[in-house]
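Heads up, the thing below is written out as structure tokens.
Where a number appears in this text, it was derived from the coordinates with a stated rule and is not lab data. Computed from a predicted structure; not experimentally measured. Please note: Cβ atoms are built from the backbone with ideal geometry, for glycine as well, and neighbour counts cover all protein chains shown.
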Amino acid sequence: IYLNVQAEDSTGVYSSVLTIDIIVCPLCNYNGVCNTDSVASSFLEGHFQILECDCLPAYSGVYCEFEVDACETFPCSVGQTCTDLTADQQGNNTIGYICGPCPTGSTDVNGTCEDINECLDSTICDQNCIDTYRSYRCSCRPGFRLDSENKRTCNDIDECAVGTSNCEQICINSPGNYTCACRNGYTLNNDYATCTIDPINSGICQQCEQVCTVSNGQVNCECNLGYKIDDTDATKCVDIDECRDKSNQPCSQICTNTEGKYECSCNAGYKLDIDLVSCVECDIYHYGDNCSSTCNCHGRGNCDSVVGCVCDEHW
């Protein structure tokens, strides 16, 4: 569309053609006002112009035809709900959403959910406290493990009962530790674990494969920890398969028998605890076999203990 004007005088002479500039101010769908200082579209070498719309905060588009979903850009902190305000509710306010309360383990600081350090409370854990994102976990000093029900309390690990000590003959448990000892007629070596037969008995004890005790000149063959007397030969010892009885095996998940001992391992999503028999689930930052892989979900998902990051909707 254009508008040209030409004048004719009384003698019939015509003036040059004058093109009238037309500037259109759109209605902006009644969701904004036109900006007289800014042109959205220009035609006919600039003689026909359509001005830009300055939309109300709740609208967007060339002519303010779209209502903005203020939650589409995920403006709230991770874990908060976001409620998009209607255009009427928002009005001229530049913020068109309301964030829900901060998730457990965090607190609102100037509109941002910041992590709470629960470990500042020295009574929250029995021994050690580890602050994690929006939570915490308790851990124990060597020789102790977390109670299976009360995850704050540490209980002594009886290494002698579960068979995880390095003792060759006798294991004596103590709080957070254990000591090794030997049967009569043996001396504890400098490694404080293995035993050496006293020279006075070495000659008459050659028939015993592992342990020999002498009482009133009578020789009795016995076995080291992890072994038992062979049913067919009382002088020999055979390995005890601790993993054989599936209903009463020492490991909480996977048990592998070894010579004189056994080894525990865990399914994916768990790692072996410090007691070497229990399995604990990976923390929120790790996953996979023995929790050896690290999650980095960039705040847009959760860490599954088996497969890793599981993204939030829309990511």
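Given points 7 Å out from each Cα along the Cα-Cβ axis, report the residue 290 to residue 89 separation in nanometres with one decimal.
It is 5.2 nm.
Around residue 301, which amide H atoms from residues at least 5 apart in sequence, or from another chain, sit under 5 Å from its own amide H, with H modelled in the peptide plane?
The list, which skips near neighbours in sequence, is 312.
Cβ under 10 Å from residue 223's Cβ, residue 223 left aside: what net charge do those residues give with Lys, Arg +1 and Asp, Glu -1?
-2
Using only helices, what value at 222 nm comes out for the chain when you add -39,500 (n - 2.57) per DSSP H run of length 4 or more and divide by the total residues, to the nearest 500 deg cm²/dmol?
Taken over the chain, the calculation gives -500 deg cm²/dmol.
Quick one: length gained pulling residue 119 to residue 193 fully straight, 0.36 nm per residue minus the C-alpha distance?
My answer for the length gained is 22.8 nm.
Cross-link partners among lysines for residue 151, C-alpha distance below 24 Å, same-chain residues fewer than 8 apart left out?
The reachable lysines, counting only those whose Cα sits under 24 Å from residue 151, are 271.
With all distinct Cα pairs included, what does the Kirkwood hydrodynamic radius of the stretch 27-106 come out to in Å, to one decimal, could you say?
Over the stretch 27-106, the inverse of the mean reciprocal pair distance is 14.6 Å.
Which is the longest part of the chain that has none of the trypsin sites (Lys or Arg not before Pro) sitting in a DSSP loop with at most 16 other Cβ atoms within 10 Å?
Answer - 1-150.
So which aspartates and glutamates can residue 261 reach, going by Cα to Cα under 13 Å and dropping same-chain residues fewer than 8 places off?
159, 168, 239, 241, 242
For the stretch 242-315, what percent of Cα pairs sit more than 17 Å apart?
When every Cα pair of the stretch 242-315 is considered, 51 percent fall beyond 17 Å.
Which of the GluC sites (Glu not before Pro) found in the stretch 210-262 are in a DSSP loop and have at most 10 neighbouring Cβ atoms, other than their own, within 10 Å?
Taking the stretch 210-262 and a limit of 10 other Cβ atoms within 10 Å, the loop GluC sites (Glu not before Pro) found are 259.
Any cysteines in the chain with zero other Cys Cβ atoms under 4.7 Å from their Cβ? List them, or say none.
311
Test of the criteria: in the stretch 67-164, which GluC sites (Glu not before Pro) are in a DSSP loop and have at most 13 other Cβ atoms within 10 angstrom of their Cβ?
Answer by residue number: 72, 149.
How big is the chain by the Kirkwood estimate over distinct Cα pairs, in Å?
Here the Kirkwood hydrodynamic radius works out to 28.1 Å.
Taking only the C-alpha atoms, wrap a convex hull around the stretch 1-143 and report its volume per residue in Å³ as a whole number.
156
Taking 22 Å as R0, compute the FRET efficiency from the Cβ-Cβ separation of residue 108 and residue 300 and round it to 0.05.
It comes out at approximately 0.55.
Could you tell me the relative contact order of the chain? Use alpha-carbon pairs under 8 Å, at least six residues apart, and round to a whole percent.
Relative contact order comes out at 6 percent.
Return the whole-Å distance between the Cα centroid of the stretch 187-248 and the Cα centroid of the stretch 60-132.
66
Multiplying the sequence separation of residue 135 and residue 16 by 0.36 nm and subtracting their Cα-Cα distance, what value in nm do you get?
Extra length from residue 135 to residue 16 when fully extended: 34.7 nm.
Within a Cβ distance under 14 Å of residue 62, other residues only, what is the Lys/Arg minus Asp/Glu net charge?
Around residue 62, the surrounding residues sum to -3.
In a shell of Cβ-Cβ distance under 15 Å around residue 148, excluding residue 148 itself, what net charge do Lys and Arg (+1) and Asp and Glu (-1) give?
Once all neighbours under 15 Å are counted, the net charge is -4.
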